[in-house]
1. Suppose each label sits 7 Å from its Cα in the direction of the beta carbon; what would the GLU69-TYR16 distance come out to in nanometres?
2. Quick check on packing: order 81-88, 99-106, 6-13, 17-24 by the mean number of other C-beta atoms within 10 Å, highest mean leading.
3. Please report, in debye to the nearest 20, how large the charge dipole of the range 1-91 is about its Cα centre when each Lys and Arg carries +1 at its beta carbon and each Asp and Glu carries -1 there.
4. Output needed: percent of Cα pairs per 5 Å distance bin for the range 1-136, bins running from 0 to the one holding the longest distance.
5. Does the range 19-83 classify as rounded, prolate or oblate by the C-alpha gyration tensor (a ≥ b ≥ c root eigenvalues; a/c under 1.5 gives rounded; else a/b over b/c gives prolate, otherwise oblate)?
6. Can you report the principal axis dimensions of the range 3-45 using only the alpha carbons, biggest first, rounded to whole angstrom?
7. If I stretch the segment between LEU50 and ALA38 completely, what's the gain in nm (0.36 nm per residue apart, minus their alpha carbon distance), one decimal?
8. Report the relative contact order of the range 2-145, percent, no decimals, based on alpha-carbon pairs under 8 angstrom and at least 6 residues apart.
Amino acid sequence: MTGARRILEIGTLGGYSTIWMARELPADGELLTLEADAHHAAVARENLRLAGVDDRVAVLEGPALTSLETLGERLPFDLIFIDADKPNNPHYLRWALRYSRPGTVIVGDNVVRDGEVTNPESADERVQGVRAFIDMIGQRPATDGHGPANRGQQRLGWVHPRVGERLTLSALPGSLRHRGKRRPRP
């Protein structure tokens with residue numbers, strides 16, 4: 001999708017998404033993934049080895065917010081995939097924007113929360129974290145945000161009904177869209 005050479009993944013779990021992204025990297029590409037849980041990190045490392053992509057992936061173990069403070073020398077990234085604890089999504093987005101460059105694509109996973117993201121009454125901290133993440137993208141003029149349809153409920157400002165319900169995409173200027181390569185609308 002982006003020709004990414006440098007990928008940052010926030011939240012690894014067993015490494016499923018990591019493997020798919022690593023398989024798309026060019027030979028000189030690298031993927032850094034952050035995982036808080038030691039057991040999940042160990043499972044991911046083994047899965048990466050079995051998939052034959054462990055030479056392109058580094059698993060950094062520890063709380064993502066702590067790990068993100070140490071990555072200054074590794075920036076910028078071409079693709080940043082946010083798939084960790086949802087209450088911290090706004091913090092992860094702030095870090096993602098710091099570690100971005102023109103053209104970086106930022107992806108937020110699991111943003112619909114069973115439709116609750118459009119429910120202003122929801123007290124679920126995961127929903128509130130996702131909603132704050134979405135609002136931050138919408139309030140940032142330097143990003144193009146695309147996300148789940150709002151199902152006729154409160155308009156979130158930047159949502160785009162043609163994008164699937166599981167991911168939120170945000171591209172900084174210089175992305176495919178800004179290079180004039182955007183697919184025409186149906």
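1. Result for the modelled spin labels: 3.2 nm.
2. Averaged packing, sorted descending, gives the order 6-13, 81-88, 99-106, 17-24.
3. Using Cβ point charges on Lys, Arg, Asp and Glu, the range 1-91 gives about 160 debye.
4. Pairs per bin, as whole percents: 2, 11, 21, 21, 20, 14, 7, 3, 1, 0.
5. Oblate.
6. Dimensions of the range 3-45 along the principal axes of its Cα atoms: 30, 14, 13 Å.
7. Between LEU50 and ALA38, full extension yields 2.5 nm more.
8. Relative contact order of the range 2-145: 23 percent.
Quick note: the coordinates plus some simple rules give every number you see, no bench work behind them. Just so it is clear, the structure is predicted and the values come from calculations on it, not from any experiment. Every residue, glycine as well, gets a Cβ built from its backbone with ideal geometry; the counts of neighbours run over all protein chains shown.
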